[in-house]
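This report refers to the structure that appears directly beneath it.
Read the figures in this text as sums done on the coordinates, not as results from a lab. Bear in mind the structure is a predicted one, so any value in this text is a computation, not a measurement. Here the Cβ is made from the backbone with ideal geometry for all residues, glycine too, and neighbour counts use every protein chain on show.
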Amino acid sequence: MFESLSDRLSGIFDKLTGRGALSENDVNEALREIRRALIEADVALPVVRSFTDKVRNRAVGAEVVKSITPGQMVVKIVHDQLVEMLGEESHGIDLNAAAPVAIMMVGLQGSGKTTTTSKIARRLTQRDKRKVLMASLDTRRPAAQEQLKVLGEQNGVDTLPIIEGQGPVEIAKRAMTAAKLGGYDVVMLDTAGRIHIDEPLMVEMAEVKAAANPHEILLVADALTGQDAVNLAQSFNERVGITGIALTRMDGDGRGGAALSMQAVTGKPVKLIGTGEKSDALEEFHPRRIADRILG
Ligand code: GDP
């Protein structure tokens, strides 16, 4: 589907073999290809710009090591810069706080919030042997609370009993109380989404945050978000203050440029990726693997 960046760059640099250092002209030509590869990988434009500036600074004048071609050299510089921006290592969910630890899941409608909530709860229960309570705070979408209950039953995770007529803040408070009384280690709060970011959504998220005092606030976003990723991540981070990102649909065709975009604008790590609809399709985020995928 995509021509790999390495192939494109070796095409450009074939004619340059034998020279010592990368000149500004060589690098500019390579940067055009890099820019194109990043845009094809769905990296947001402002992030593409800052990324290529950083690569230019690193590449111009760099000595080409004898054993590799200039094309390979530039690919290495691009790869190193990507890994630097994505972070060196993977970050797990942080449960280092007094129990019950609240994890608040936020994001747009359809991003995969409920699915990811249940995947994380399942993993914490089965792998990490934690006692987890899930609660759906989505009182807007009919059957959202029921959906989480069914997923809980399928995966052996408790859900907070549904009480008709309660609002999100009331449910959040009830979940925290129930978790304390029931000796739960973790409370997963699956909040309501919207089709677009809007003011009432942000107000609701701030109120839920104040009520539950979550230790983690994970933004769930579709890996195919593309150019909107920057706006989405920035809005949630500024208004609610996220602690990490969960990228869903990494099993799709996309190259995962949203990971770079969202991390670049928020400074918050991608912690987990969703790789399918099934309840065990959840993986840690490995920066090097994503760097390879973005480069193609
Ligand atoms: P919410 O509205 O944000 O709570 O979204 P849901 O959790 O209901 O998910 C919406 C749809 O996306 C469902 O059909 C999920 O099965 C699907 N989905 C969620 N995560 C993934 C993923 O990682 N990969 C794929 N292929 N589908 C996913």
Place a +1 charge on the Cβ of each Lys and Arg in region 107-161 and a -1 charge on the Cβ of each Asp and Glu, then give the dipole magnitude about the Cα centre in debye, rounded to the nearest 20.
240
On the Cα set of the chain, report Rg and Dmax in Å, please.
21.8, 74
State the extension gain, in nm to one decimal, for the chain segment bounded by K54 and N231, taking 0.36 nm per residue of separation less the distance between their alpha-carbons.
61.5 nm
Pick from S118, S23, S67 the residue whose mean-square fluctuation is largest in a GNM of the chain, springs joining Cα atoms under 10 Å.
S67
Once phi is turned into ³J(HN,Hα) by the Karplus curve 6.51 cos²θ - 1.76 cosθ + 1.60 with θ = phi - 60°, what whole-Hz value does each residue of region 152-166 show in order, with x for glycine and proline?
x, 4, 5, 10, x, 10, 6, 10, 5, x, 7, 10, 4, x, 7
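Nothing charged except the Cβ atoms of Lys and Arg (+1) and of Asp and Glu (-1): what's the magnitude of the dipole of the chain about its Cα centre? Round to the nearest 20 debye. The partial results should precede the final answer.
Numbers: 37 positive and 40 negative charges, 74 e Å.
Dipole size: approximately 360 debye.
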Kindly list the residues of region 93-111 that lie in the label zone of I195, defined by a backbone N under 13 Å from the point 7 Å along the Cα-to-C-beta vector.
109-110
Can you run the Rg to Rh ratio on region 142-296? Use alpha carbon positions and the Kirkwood inverse-distance Rh.
0.98
List the relative contact order of the chain as a percent without decimals, with contacts defined as Cα pairs under 8 Å and 6+ residues apart.
25
At what distance in nm do the modelled label points of E238 and K131 sit from each other, each positioned 7 Å from its Cα along Cα→Cβ?
4.2
In terms of Cα to Cα distance under 24 Å, which lysines are near enough to K66, apart from those fewer than 8 places away along the same chain?
K15, K54, K76
Positive-end residue, the chain charge dipole about Cα centroid, Cβ charges, pick of T52, L272, I93:
I93
What nm value, rounded to one decimal, do you get for the distance between D251 and E170 when each label is placed 7 Å out toward the C-beta?
3.8
